1. The conditions are (1) in contact with a helix residue (DSSP H, G or I) (Cβ under 6 Å, 6 or more places away or on another chain); (2) farther than 23 Å from Ala50 by Cβ; (3) at pLDDT 90 or above; (4) in a helix (DSSP H, G or I), and Ile155 fails exactly one of them. Which is it?
2. Within the range 153-162, can you find the residues that are within 16 Å of Glu69 (Cβ to Cβ) and surrounded by 15 or more Cβ atoms within 10 Å (Cβ to Cβ)?
3. Evaluate the range 96-108: report whether one residue or more is touching a Gly at 6+ places or on another chain (Cβ under 7 Å) and either β-branched (Val, Ile, Thr) or assigned to a strand (DSSP E or B) (or both).
4. Do the conditions hold for Lys85, that is, is it among the charged types (D, E, K, R), closer than 30 Å to Thr135 by Cβ and part of a helix (DSSP H, G or I)?
5. Take the range 107-152 and flag every residue that is open to solvent by 30 Å² or more (accessible area, probe 1.4 Å), hydroxyl-bearing (Ser, Thr, Tyr) and at pLDDT 90 or above.
6. Hey, Leu62 hits all of (1) loosely packed, with under 13 Cβ neighbours inside 10 Å; (2) modelled with pLDDT of 90 or more but one; which does it fall short on?
7. Could you tell me how many of the residues in the range 35-59 are open to solvent by 60 Å² or more (accessible area, probe 1.4 Å), part of a helix (DSSP H, G or I) and closer than 14 Å to Leu3 by Cα?
8. Would you pick out the residues in the range 3-34 that are in contact (Cβ under 8 Å) with a residue 12 or more places away in the chain, aliphatic (A, V, I, L, M), open to solvent by 50 Å² or more (accessible area, probe 1.4 Å) and within 30 Å of Thr159 (Cβ to Cβ)?
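The values are calculated or read from the model by the stated rules, or taken from the named source; none is laboratory data. Since the model is a prediction, treat every value here as computed from it, not as a measurement. Methodologically, a virtual Cβ is constructed for each residue, glycine included, from the backbone with ideal geometry; neighbour enumeration extends over all protein chains shown. When the accessible area is computed, the model is the full protein with side chains, heavy atoms only, and any ligands, DNA or RNA have been set aside. Shrake-Rupley method; radii C 1.70, N 1.55, O 1.52, S 1.80 Å.
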Amino acid sequence: MALQFLLNLFIAVLWMLLKDEESIQLTTFFTGFCIGIVVLYLMHRFFGTAFYLRRLIAIIKLILLFFKELVLSTSLVLKQVMSPKMDITPGIFTYKTNLKSEAEVTALALLLTLTPGSVVIDISPNNDIFYIHATDMGKTRQSILKSMDSFEHAIKEVTRND
């Protein structure tokens, strides 16, 4: 992937030099960089690796997913807190994950802990079972399970080359 990025920079510089302008223009370099992205995307299968911007796009998707889940869980917890009678049943439940590496498991635990209404209390020694505290075992638990699946899929997109 680093080779693809360096090749993209080379295409951008080459484009800038072939444009034959009196001074170096950032817009010309940016245009060459965009042309390089298109050329490399069309030829990436010949490199034998995934397109290098795939991981960046996956990271952006993960960040957007986190913000979406943050807003949804915040509104759910806010609705619970603002109701006249707090009808919640806090509790602890387990979640089995398919993530393998420590970085993936840590990312999932942090993303879940940062969303309101849930806290990862512990992780099993095998890194495959999460112990999660939810503010409400009804609505919040279902929301957490749904977001865990989404986070897990997005983390796999970022960290794996499959």
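1. Unmet for Ile155, out of (1) in contact with a helix residue (DSSP H, G or I) (Cβ under 6 Å, 6 or more places away or on another chain); (2) farther than 23 Å from Ala50 by Cβ; (3) at pLDDT 90 or above; (4) in a helix (DSSP H, G or I): (2).
2. Matches in the range 153-162: Ala154, Ile155, Glu157, Val158.
3. no
4. no
5. Listed by number, the residues that qualify are Tyr131, Ser150.
6. With (1) loosely packed, with under 13 Cβ neighbours inside 10 Å; (2) modelled with pLDDT of 90 or more applied to Leu62, the lone miss is (1).
7. 4
8. Selection gives Leu3, Leu7, Leu9.
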